[in-house]
Amino acid sequence: MPRHPIADFLNTAAGPILDVRAPAEYAQGHIPGALSLPLFTDAERALIGTTYKQVNPDKAVLLGLDFFGPKMRAMVEQAKKLAPGQEVRLHCWRGGMRSGAVLWLLELAGFHVNLLDKGYKDYRRWALAEFARPRQLRVLGGYTGSGKTAVLHALARRGEPVLDLEGLANHLGSSFGSLGQPPQPTQEQFENDLAAALAKLPNDRPIWVEDESRTIGGLGIPAAFFEQMRAAPLVVLDVPPAARVQYLAGSYGRQDAAGLAAAVLRISKRLGGLVTKEALGAIADGDMPRMVELVLAYYDKTYGYGLADRPAVLVPTTGTDPIANAALVLAAANELPTSLKNASHDSEAAGSPAH
C-alpha cells in the first residue's frame, strides 16, 4: 500500500482517483477527474461527527463500522466498475480512517491501492501554492465585444500556451456572461480546476490569459494569481465599435429574450432608467444591434477606467476575425520591450519561492 505525496499521486501513481468523502464534500470541491465513492452518506457522516464530539470517539468508530459493514460488497462492486484494471488512487479528507477503511476493503478484494498521504487537504494546499508560483503571463485585453475568447482559442490552435479562465468559470464575464453557459462551479472547484490547468502549462514560455476583473460571475480569481495578471504585459485589441456591436448582436441574437432582459435589469442602476427602458424595448422588438449599442456605452466606460493606470500595447484591428487578430496579437507581443516582457515574472519571483 504505497502512500504518495501529492505530486506523485497526481503525476506518477496509476489508476482512477476515488474520493471516499461524503457526497456533499465531493460536490463542494474535488480533485479534477476524481470519481465519488463515498464511504458514508451526508447524514451518516454528520451523525458520526456528532457522536464523536458529544459522546466519545470510540462510540463514533463503532457507529461508523455499523454503517460500513452492510456496504462492503456494494462498494467493491462499484469500485470494479469505476476501475476495471483494479488499480486505484484513493483519498479522503486527511488520509485517515475513512481512506484507511476503504483501502483495507479494496486490497482485500484484490485491488492495488495508491493512497494520497495527507488526503484532499493536501491537494488544497498544493492548489493554493500553484496560484503563487511565478509565471510568464501575457494578458489579452480589449473592450467588450472584441472577441478576446475566440482569439485565445486561435492562439491555442497556433500552439501558444493559453489559460481560459472564462471556460473554467462557465461564465463570459459580464452581466450577460451566464447566457448559454452551464452552471458555475463552486468557488472551491473553480480553484481546483484552475490549479490543475496551471500545472499543465509550461514554465519556460509565455502563457496567454484574458484580461478579467477580480470576479468572473460569482467566482473570484485567487488573489495571488490575480496579482500576477495585473502585473503582466497587457496587449489590448482595438476593435472598431461598429464591429463589436455586430459581433455581440450576432451572439446575443441566439439567446432567449427573457435571459437578455434579466441581464439588462441586473445592471439597470448603472445604465439608468431611460437607457434600461430603451434596451428592454429593443429586446422586445428583436433589435439586437440597438440593445448592444445601449449597454456597450456602459461597458466601454467601465473598461476604459480600468485601463487608465495600466501600461498597454494597443493592437488596431479592422474587425473580429480571430485568426487575423491572433496573428496581430502575436506580432505585437514579439515587439514588447524586454522590461515589459519580464515584468510579471520578475515582480513575483522576487517574493515567491521556486516550486
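The values are calculated or read from the model by the stated rules, or taken from the named source; none is laboratory data. Keep in mind that this is a model prediction, so the values were computed, not measured. Cβ atoms come from the backbone with ideal geometry, glycine included; neighbour counts cover every protein chain shown. Protein only, heavy atoms only, side chains kept; ligands, DNA and RNA dropped before computing areas. Shrake-Rupley method; radii C 1.70, N 1.55, O 1.52, S 1.80 Å.
Some observations on this one:
- Some residue of the range 14-36 being among the basic types (Lys, Arg) and over 33 Å from the mean Cα position of the chain (by Cα): no
- Subset of the range 166-199 (residues that are under 8 Å from the mean Cα position of the chain (by Cα) and farther than 23 Å from Tyr123 by Cβ): Glu166
This table checks each residue for (1) open to solvent by less than 50 Å² (accessible area, probe 1.4 Å); (2) touching a residue at least 60 places away in the same chain (Cβ under 8 Å); (3) assigned to a helix (DSSP H, G or I).
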site	(1), (2), (3)
Ala14	yes, yes, no
Arg21	yes, yes, no
Glu25	yes, yes, yes
Pro32	yes, yes, no
Glu44	yes, no, yes
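- Only one of Gly96, Gly69 that is open to solvent by less than 40 Å² (accessible area, probe 1.4 Å), within 31 Å of the chain's Cα centre (by Cα) and not charged (D, E, K, R): Gly96
- Filtered residues of the range 123-135 (kept if surrounded by fewer than 22 Cβ atoms within 10 Å (Cβ to Cβ) and either among the small types (Gly, Ala, Ser) or under 18 Å from Gly15 (Cβ atoms) (or both)): Ala129, Ala132
- Among the candidates Glu77, Glu107, the residue that is in contact (Cβ under 8 Å) with a residue 24 or more places away in the chain, assigned to a helix (DSSP H, G or I) and open to solvent by 70 Å² or more (accessible area, probe 1.4 Å) is uniquely Glu107.
- Candidates Leu194, Leu179, filtered to the one that is hydrophobic (A, V, I, L, M, F, W, C) and open to solvent by less than 10 Å² (accessible area, probe 1.4 Å): Leu194
- If only residues of the range 212-249 that are of a type in the set (Asp, Glu) and more than 22 Å from Thr186 (Cβ to Cβ) are counted, the one that is surrounded by the fewest Cβ atoms within 10 Å (Cβ to Cβ) is Asp238.
- Residues in the range 239-276 that are closer than 18 Å to Thr317 by Cβ and out of contact with any helix residue (DSSP H, G or I) (no Cβ under 6 Å at 6 or more places or on another chain): Val239, Pro240, Pro241, Ala242, Ala243, Arg244, Gln246, Tyr247, Gly250, Ser251.
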